[in-house]
Amino acid sequence: MRLNTLAAILFSAIALTVAVPTPEASEPSELLDKRDANGASCHKSSPAYTVTTWGSWDDDWGIGFLDNLRGQCGAVENWGFSYSGSSGQATFRLYKPASSNCVENAIWLASNPTGAIWGVTCTS
């Protein structure tokens, strides 16, 4: 009986050792470079906003940003997004924003997967 228990423990230890995945190598340098290049600026003239974007976080034509705006701010009206060179530009209106800093929060959330943008303030 002891031999069976010892064999079962040994087999379990070997199986766990083989089943544990090895961690991925560090990210390629071009991905890290892209993360460093994320940025945004925000201008508001209530209820209109213009957010200029750059870096890889806006490669989806602003769809991730729009989703986060809706989640953070509520109803988003007159949404538009376009590219000019390497920068994107989102234009929209917020008539009843959920909070005073909801646009900044949406920028942070949308950019987080490729390198969160900190410290953006929507200026008048």
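Listed values, structure above:
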| item | result |
| --- | --- |
| Fully extended contour minus Cα-Cα distance, from Ser124 to Trp61, at 0.36 nm per residue | 20.2 nm |
| In segment 89-121, chymotrypsin sites (Phe, Trp or Tyr not before Pro) in a DSSP loop with at most 12 other beta-carbon atoms within 10 Å | Tyr95, Trp118 |
| Of all accessible heavy-atom area on segment 71-124, the percent that carbon and sulfur account for (1.4 Å) | 48 percent |
| Value of relative contact order over segment 47-91, rounded to a whole percent, pairs C-alpha under 8 Å and six or more apart | 54 percent |
| Shape of segment 34-87, Cα gyration tensor, a/c cut at 1.5 | prolate |
| Virtual spin-label span in nm between Asn101 and Tyr83, 7 Å along Cα→Cβ | 3.2 nm |
| For segment 48-110, accessible area per residue (1.4 Å probe, heavy atoms of protein chains only), Å² | 50 Å² |
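The values are calculated or read from the model by the stated rules, or taken from the named source; none is laboratory data. If you're wondering where the values come from, they're calculated on a predicted model, not measured in any experiment. Here the Cβ is made from the backbone with ideal geometry for all residues, glycine too, and neighbour counts use every protein chain on show. The area values use the complete protein model at the heavy-atom level, side chains included, leaving out ligands, DNA and RNA. Shrake-Rupley method; radii C 1.70, N 1.55, O 1.52, S 1.80 Å.
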